[in-house]
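**Student:** First the structure, then my questions, so here it is.
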Amino acid sequence: MTRRVDPNLLYELKEFGALGVEKCINCGNCTAICSLSKDDDRFPRHMIRMVQLGMKDELLGSKELWLCYNCGDCSETCPQQAEPANLMAAARCYAITNYAPLKIGNLFCKNPLLGGFLATVMVIFFSIFMYTERQTMAADQLKLFGFISYEFIHNAGLTAMILIGLISVVTIVTMMYRIARVNNLSVKNFFTGAHTNWLLALWDAVMVQSLGQKRYREECEAPENRRAWYFRKWFVHAATMWGFLGLLFATALNYFLDIIGVKATGAFVPLWYPTRLIGTLSGLLFMYGVSVLLYKRWKAVDKAHSFSRPSDWIFLILLWLSGVTGFIIEIALYLPGAPQWGYWMFIFHVAVSITLLLLLPFTKFAHAIYRIVALYIYALKPVAKQEPAPASAD
């Protein structure tokens with residue numbers, strides 16, 4: 001079956017940062033050097049060919065797009081300087097904007113000034129909003145949002161979080177639908193029908209690959225490219241992820257303990273208190289990971305970090321601000337007299353965190369979800385077809 005070449009996709013990907021892809025001569029060196037590329041997952045060469053031919057549906061329906069960890073080996077060894085690693089990263093950013101029902105992702109992937117401006121406005125808005133509604137100072141002080149009731153604020157926040165949750169679900173279903181369509185399946189085939197080991201696949205995707213970083217740790221970095229363990233890519237990535245999850249767990253645990261009435265005695269909460277200890281250790285791990293990621297992009301230490309998209313910077317800066325403001329708040333809590341600047345820092349910290357969560361489906365943050373889905377589909381194995389028993393000689 002012949003296919004008419006559509007160059008529009010190539011030009012679209014260039015707007016997302018796929019620089020140099022037109023230089024590719026399909027020599028296959030990038031796929032040969034990639035330790036994650038298998039017989040059935042021929043990336044990045046397969047992805048480049050899709051872009052060159054304008055195969056948009058096939059590109060967006062490819063699970064291989066999310067199996068790449070952007071180690072940069074393909075770009076390091078490309079004889080044409082076609083930057084295949086950039087193509088993979090740009091295609092992921094392109095997919096994020098296409099999976100989501102709204103096109104807000106374009107602001108962060110293609111328009112750095114507008115994307116950064118939107119994130120800044122959101123942080124400022126939420127900071128002012130919380131201050132004017134919850135401030136405990138003099139009653140005659142300016143209250144910009146005084147006409148809004150607390151019940152409305154609570155319901156609006158809850159509605160926004162539910163909406164973001166629904167959008168996230170829609171994006172995941174959209175991704176799975178595209179993959180199913182490309183492979184002539186239906187979404188239900190990922191849970192029933194042709195596959196019966198979906199629970200094992202889910203365990204492998206979440207616990208073994210995502211949390212355990214197995215493929216990233218054992219296969220992604222060639223031995224000759226490995227640095228000190230604390231600077232290796234998988235460890236920095238794992239530190240960021242585990243630190244974030246630890247902070248999330250500490251926050252949820254603190255909320256649960258408050259509900260059941262378990263609190264630290266006295267006004268002073270010791271550092272060894274479970275939620276405080278988990279939060280502090282997780283915060284240190286989180287800040288280390290994010291700081292190293294920012295440093296690598298700032299210094300462009302290797303091919304994988306030589307070109308950074310606006311979405312990369314915005315996502316990492318929001319993560320870093322949420323972490324560093326959290327530590328400043330903790331310092332304020334242990335200082336005598338409860339300094340007033342701790343209150344302002346708390347407002348800013350919550351505003352940054354809310355902005356980060358609300359932008360989850362539209363920024364690079366979404367890759368954490370899409371990668372798990374892709375790893376899950378990758379781990380699925382078709383049910384072996386039973387051959388009919390041979391006829392009896394009798």
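**Student:** Please go through the range 181-219 and give me each residue that is over 30 Å from TRP229 (Cα atoms) and free of Cβ contacts under 8 Å to residues at least 40 places away in the same chain, ordered by number.
**Tutor:** ASN184, LEU185, SER186, VAL187, LYS188, ASN189, PHE191, THR192, GLY193, LEU199
**Student:** Among the residues of the range 208-231 satisfying the criterion of being more than 13 Å from ILE33 (Cα to Cα) and not in a helix (DSSP H, G or I), which is modelled with the lowest pLDDT?
**Tutor:** ARG226
**Student:** Condition first: of a type in the set (S, T, N, Q) and either closer than 24 Å to ILE172 by Cβ or in a loop (DSSP other than H, G, I, E, B) (or both). Now tell me which residues in the range 96-128 satisfy that.
**Tutor:** Selection gives THR97, ASN98, ASN106, ASN111.
**Student:** List the residue pairs whose Cβ atoms are under 8 Å apart, where the first residue sits in the range 97-118 and is closer than 18 Å to ILE369 by Cβ, the second is not in a helix (DSSP H, G or I), and the two are 6 or more positions apart or on different chains.
**Tutor:** Short answer, once both residue conditions are applied: THR97/LYS103; ILE104/LEU359; GLY105/THR363; PHE108/LEU359; PHE108/THR363; CYS109/PHE16; CYS109/GLY17; CYS109/ARG309.
For every residue, the table says whether it meets (1) in the same structural domain as PHE190 (by TED's automatic domain parsing); (2) modelled with pLDDT of 90 or more; (3) of a type in the set (S, T, N, Q).
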| position | (1), (2), (3) |
| --- | --- |
| VAL350 | yes, no, no |
| LEU357 | yes, no, no |
| THR363 | yes, no, yes |
| GLU387 | no, no, no |
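**Student:** Also, quick follow-up: Taking the range 349-371, which residues are of a type in the set (S, T, N, Q), in a helix (DSSP H, G or I) and touching a Ser or Thr at 6+ places or on another chain (Cβ under 8 Å)?
**Tutor:** Answer for the range 349-371, where residues must be of a type in the set (S, T, N, Q), in a helix (DSSP H, G or I) and touching a Ser or Thr at 6+ places or on another chain (Cβ under 8 Å): just SER353.
Yes or no, residue by residue, for (1) assigned by TED's automatic domain parsing to the domain that holds ILE369; (2) modelled with pLDDT of 90 or more:
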| site | (1), (2) |
| --- | --- |
| PHE16 | no, no |
| GLN52 | no, no |
| LYS56 | no, yes |
| LEU67 | no, no |
| ARG92 | no, yes |
| LEU114 | yes, no |
| PHE117 | yes, no |
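**Student:** So, LEU142, is that one modelled with pLDDT under 85, among the hydrophobic types (A, V, I, L, M, F, W, C) and touching a Gly at 6+ places or on another chain (Cβ under 6 Å) or not? Steps first, please.
**Tutor:** Values: modelled with pLDDT under 85: yes; among the hydrophobic types (A, V, I, L, M, F, W, C): yes; touching a Gly at 6+ places or on another chain (Cβ under 6 Å): no.
When the stated conditions are applied, LEU142 does not pass them.
**Student:** For THR280, are the conditions met, namely being among the hydroxyl-bearing types (Ser, Thr, Tyr) and surrounded by 20 or more Cβ atoms within 10 Å (Cβ to Cβ)?
**Tutor:** Values: among the hydroxyl-bearing types (Ser, Thr, Tyr): yes; surrounded by 20 or more Cβ atoms within 10 Å (Cβ to Cβ): no.
Answer is no for this residue.
**Student:** Oh, and also: Yes or no: the range 303-326 includes at least one residue that is within 15 Å of VAL236 (Cβ to Cβ) and either surrounded by fewer than 17 Cβ atoms within 10 Å (Cβ to Cβ) or at pLDDT below 85 (or both).
**Tutor:** yes
**Student:** Additional query: Does the range 75-89 contain at least one residue that is among the aliphatic types (A, V, I, L, M), modelled with pLDDT of 85 or more, over 21 Å from PRO361 (Cβ atoms) and surrounded by fewer than 17 Cβ atoms within 10 Å (Cβ to Cβ)? Before you say what the answer is, go through the steps one by one.
**Tutor:** Quick first cut of the range 75-89, residues among the aliphatic types (A, V, I, L, M) only: 82, 85, 87-89.
Filter again for modelled with pLDDT of 85 or more, leaving 82, 85, 87-89.
Applying the additional criterion that residues be over 21 Å from PRO361 (Cβ atoms) yields 82, 85, 87.
Now drop any that are not surrounded by fewer than 17 Cβ atoms within 10 Å (Cβ to Cβ), which leaves none.
No, the range 75-89 contains no residue that is among the aliphatic types (A, V, I, L, M), modelled with pLDDT of 85 or more, over 21 Å from PRO361 (Cβ atoms) and surrounded by fewer than 17 Cβ atoms within 10 Å (Cβ to Cβ).
**Student:** Continuing with this model, one more query. LYS296 fails exactly one of the following numbered conditions: (1) in contact with a His (Cβ under 6 Å, 6 or more places away or on another chain); (2) surrounded by 20 or more Cβ atoms within 10 Å (Cβ to Cβ); (3) of a type outside the set (Gly, Ala, Ser). What is the number of that condition?
**Tutor:** (2)
The values are calculated or read from the model by the stated rules, or taken from the named source; none is laboratory data. Keep in mind that this is a model prediction, so the values were computed, not measured. Reconstructed Cβ throughout: ideal geometry from the backbone, glycine too, with neighbour counts over all protein chains shown.
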